[in-house]
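Enquirer: Please read through the structure below; I'll follow up with questions.
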Amino acid sequence: MKIGHYQLETEPGNYDHNLVRLIEGLREADRQKNDILSFPESFLTGYFSDSKKARKHSFSIKSPEVIALLEKTAEFEAMFIVGFNEFRDGCLYNSALVAEHGNLKGVYSKAFPCHDYFTPGRDFPIFERNGIKFGVVICADGGHIEPSRILALKGASIIFSPHYNYINKENLINHFQKVRSDHIARATENGIWFVRGNSVTKGYDTGLEMDGVGYGDSYILDPFGEMMARSQRHTEGLISATINLDFPSAGTRSKKSFIELGGILQKAIDQ
């Protein structure tokens, strides 16, 4: 199976422009014969520091925006994951939808959102392509053990982690190192392939309204934490890797720790 991520820049609040860029990415993914492709966190809508702007640039999964997205991507072979601000039951979620051949396969909502105007997601769906199970976590979720562990316990061999990293200069190096370490840990502790898919920002981010650096650094890790593909920083483009799914280790450490230590962990929580 060939998996990938299209690292590119979001134009905050400009759905039509972002949809055109998504279609460009799918066209290139098909040319390179990718089976599954991810796009950045919040890519269709942009990411916003202000809750009013976030709500303004949001939509539901039954909206005209999603209908148009599915219609215009039905011709492509790659299954894809793309982020957006989802409006659902009066609440706002940082979500990513999964689609294939014009059909919506489901939605994952970020469990650890970075803005308090988002409602945290608490469902961890499993998706499937050609018999291979995969899951999605979003950005900060990958810094926590539980979301990836839940997906591994449910049988995921691949976890896609869309990001939207726009970091102030003072914290840039620490963020870079911490994220890399988190993702290697998630891959090795669960025995899964891990796709860190970031965005890039060229200049000032009008959605987050701050001075920062959107540096990119997308990569694909194997179940031993080795990097199989990596993007250039500050550059748009598609990365991909043909992966070996014969690894027998997917989820085994998480399953063993759950069986052996689950009761102890519950007692610790109860205390």
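The values are calculated or read from the model by the stated rules, or taken from the named source; none is laboratory data. Because the structure is predicted, anything quoted here is derived from the model rather than measured. Note that we place each Cβ from the backbone using ideal geometry, even for glycine, and neighbour counts take in every protein chain shown.
Enquirer: Take Ile158 and decide whether it is hydrophobic (A, V, I, L, M, F, W, C), out of contact with any helix residue (DSSP H, G or I) (no Cβ under 8 Å at 6 or more places or on another chain) and buried (at least 20 other Cβ atoms within 10 Å of the Cβ).
Expert: It is true that Ile158 is hydrophobic (A, V, I, L, M, F, W, C), out of contact with any helix residue (DSSP H, G or I) (no Cβ under 8 Å at 6 or more places or on another chain) and buried (at least 20 other Cβ atoms within 10 Å of the Cβ).
Enquirer: Just checking, does segment 134-151 include any residue being among the small types (Gly, Ala, Ser), buried (at least 17 other Cβ atoms within 10 Å of the Cβ), within 22 Å of Leu8 (Cα to Cα) and out of contact with any Asp or Glu (no Cβ under 8 Å at 6 or more places or on another chain)?
Expert: yes
Enquirer: Quick check on my filter: what residues within segment 47-75 are in a loop (DSSP other than H, G, I, E, B), in contact with a strand residue (DSSP E or B) (Cβ under 9 Å, 6 or more places away or on another chain) and surrounded by fewer than 24 Cβ atoms within 10 Å (Cβ to Cβ)?
Expert: Correct list: Ser49, His57, Ser58, Ser60, Ile61, Ser63, Ala74.
Enquirer: Also, I was wondering about something else. Examine segment 8-19 for a residue that is of a type in the set (A, V, I, L, M) and either more than 24 Å from Tyr166 (Cα to Cα) or modelled with pLDDT under 95 (or both), and state whether such a residue exists.
Expert: No, because not a single residue in segment 8-19 is of a type in the set (A, V, I, L, M) and either more than 24 Å from Tyr166 (Cα to Cα) or modelled with pLDDT under 95 (or both).
Enquirer: Take the conditions in contact with a Lys or Arg (Cβ under 9 Å, 6 or more places away or on another chain) and closer than 18 Å to Arg88 by Cβ and apply them to Ser60. Does it pass?
Expert: Yes.
Enquirer: Separate question: Out of everything in segment 173-212 that is touching a Lys or Arg at 6+ places or on another chain (Cβ under 6 Å) and at pLDDT 95 or above, what residue ends up being surrounded by the fewest Cβ atoms within 10 Å (Cβ to Cβ)?
Expert: Per the stated criteria, the residue is His183.
Enquirer: Looking at segment 129-170, which of its residues are out of contact with any Pro (no Cβ under 8 Å at 6 or more places or on another chain) and charged (D, E, K, R)?
Expert: Arg129, Lys133, Glu146, Arg149, Lys154, Lys169, Glu170
Enquirer: Output yes when any residue across segment 227-236 is outside any loop (DSSP other than H, G, I, E, B) and polar (S, T, N, Q), and no when none is.
Expert: No - not one qualifying residue is present in segment 227-236.
Enquirer: Do we find that Ile220 is within 30 Å of Asn130 (Cα to Cα), outside any loop (DSSP other than H, G, I, E, B) and either of a type outside the set (Lys, Arg) or at pLDDT below 95 (or both) in this structure?
Expert: Working: within 30 Å of Asn130 (Cα to Cα): yes; outside any loop (DSSP other than H, G, I, E, B): yes; either of a type outside the set (Lys, Arg) or at pLDDT below 95 (or both): yes.
Spelling it out, Ile220 is indeed within 30 Å of Asn130 (Cα to Cα), outside any loop (DSSP other than H, G, I, E, B) and either of a type outside the set (Lys, Arg) or at pLDDT below 95 (or both).
Enquirer: Of all the residues that make up segment 24-34, how many are surrounded by fewer than 19 Cβ atoms within 10 Å (Cβ to Cβ) and either within 22 Å of Leu245 (Cα to Cα) or free of Cβ contacts under 8 Å to residues at least 40 places away in the same chain (or both)?
Expert: 5
Enquirer: Go through segment 1-23 and count every residue that is of a type outside the set (A, V, I, L, M) and crowded, with 22+ Cβ neighbours inside 10 Å.
Expert: 6
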